[in-house]
Amino acid sequence: INQIIEFGCGTGWLTNSIAYHYGKNVKGVDYTVKAIEIAEKISRKIKLKNQFERSNLFTYKDNKEYDLVISIGCLHHTNDCKAAFKKICSFVKKGGYVYIGLYHLYSRNPMLSYLRSHAYWYGNESAYNIFKRMNLNMENPEHNYSWFRDQVFHPQETQHTLKEVKSWLDELSLELVSTSINNYQSLKNINMKELYNSEKKLEKVSYEKNRFK
């Protein structure tokens with residue numbers, strides 16, 4: 001894998017990490033001016049040759065095709081996640097890979113409904129105190145509060161299921177290679193209906209983890 005592009009790169013953490021640890025030249029695309037400025041500054045500081053471009057995902061143009069197209073935590077914040085997914089897939093080479101991370105319907109809702117309802121009845125500060133207990137490893141208060149706002153009060157988000165994403169792949173004649181639903185284990189000889197049923201069980205796991213553990 002040589003040609004890599006990341007959509008929704010933010011401040012460039014993943015784009016720069018891939019370049020730094022694996023010696024790849026990666027292109028990062030994001031809509032936010034400040035994020036791109038930070039990504040470029042870090043890239044220059046550690047002497048990488050990454051490219052960064054500020055662009056709306058839906059209007060982005062590129063003559064290249066890539067071995068690996070990445071988008072993590074971005075497409076579900078657009079006004080049409082499926083269309084955004086189709087857009088980024090238009091840049092992958094035949095035989096290449098698309099790696100995406102989306103909010104999962106069954107896993108996310110127990111946490112989201114819990115914190116939003118708590119904020120509604122007891123205020124944002126009270127909900128934030130619960131969030132901090134969920135994320136004890138985050139030591140920077142400013143970062144932690146920013147993460148709380150993004151996770152709980154983002155003005156635009158959608159949640160998705162594996163079954164839904166699989167239908168998008170089928171429409172584009174793309175193959176599902178792996179998924180976090182079964183911890184990225186081989187999908188050979190896997191019954192997809194069983195996998196779809198397994199992902200529904202993650203709602204209970206998420207409920208117990210976020211409410212009690």
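The values are calculated or read from the model by the stated rules, or taken from the named source; none is laboratory data. These numbers come from a predicted model, not from an experiment. Backbone-built Cβ (ideal geometry, glycine too); neighbour counts: all protein chains shown. Side chains included, ligands, DNA and RNA excluded: accessible areas come from the protein's heavy atoms. Shrake-Rupley method; radii C 1.70, N 1.55, O 1.52, S 1.80 Å.
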Evaluated at q = 0.14, 0.19 Å⁻¹: base-10 log I(q)/I(0), Debye formula over Cα of the chain: -1.01, -1.44
If you look at just the Cα atoms of the range 22-82, how large are its Rg and its Dmax in Å? 12.6, 36
With a 1.4 angstrom probe the carbon and sulfur portion of accessible area for the range 63-213, in percent, totals 49 percent
Length-normalised contact order of the range 9-49 in % [C-alpha pairs under 8 Å, at least 6 apart]: 48 percent
Semi-axes of the range 74-177 from the Cα gyration tensor (sqrt of 5 times each eigenvalue, largest first, whole Å) come to 33, 15, 12
Taking 8 Å as the Cα distance limit and 6 or more residues as the minimum spacing, I'd like the relative contact order of the range 1-85 as a percentage. 36 percent
Hydrodynamic radius by Kirkwood for the range 119-185, inverse mean 1/r across distinct Cα pairs, in Å, is 15.0 Å
Nearest-20 debye value, the range 1-120 charge dipole, Cβ charges on Lys, Arg, Asp, Glu: 160 debye
Ranked highest first by average number of other Cβ atoms within 10 Å, how do 87-93, 4-10, 136-142, 200-206 line up? 4-10, 87-93, 200-206, 136-142
So, with +1 on the Cβ of K and R and -1 on the Cβ of D and E, and no other charges, what is the size of the charge dipole of the chain about its Cα centre, to the nearest 20 debye? 280 debye
Hey, how many Å between the Cα centroid of the range 104-137 and the Cα centroid of the range 1-30? 31 Å
Build a GNM of the chain with springs between Cα atoms under 10 Å: which of 150, 30, 80 gets the top mean-square fluctuation? 150
Go ahead and estimate [θ] at 222 nm for the chain from helices alone: -39,500 (n - 2.57) per DSSP H run with n ≥ 4, summed, over the residue count, rounded to 500. -15000 deg cm²/dmol
Dipole-positive endmost among 126, 183, 105 within the chain (Cβ charges, Cα centre): 183
Give me the Kirkwood hydrodynamic radius of the range 1-104 in Å, from all C-alpha pairs, to one decimal place? 13.6 Å
Charge-dipole axis of the range 1-118 as Lys and Arg at +1 and Asp and Glu at -1 on Cβ define it, positive-most pick from 7, 18, 81: 18
What residue among 16, 63, 109 shows peak mean-square fluctuation when the chain is described by a Gaussian network model with Cα springs under 10 Å? 63
The answer for the chain, accessible area per residue at 1.4 Å probe in Å², is 63 Å²
For the chain, with a Gaussian network of springs between Cα atoms less than 10 Å apart, report the residue from 104, 154, 77 with the top mean-square fluctuation. 154
How high is the relative contact order of the chain? Use alpha-carbon pairs under 8 Å, at least six apart in sequence, and give a whole percent. 17 percent
Compute the Rg to Rh ratio over the range 149-213 from the alpha carbon atoms, using the Kirkwood formula for Rh, and round to two decimal places. 1.04
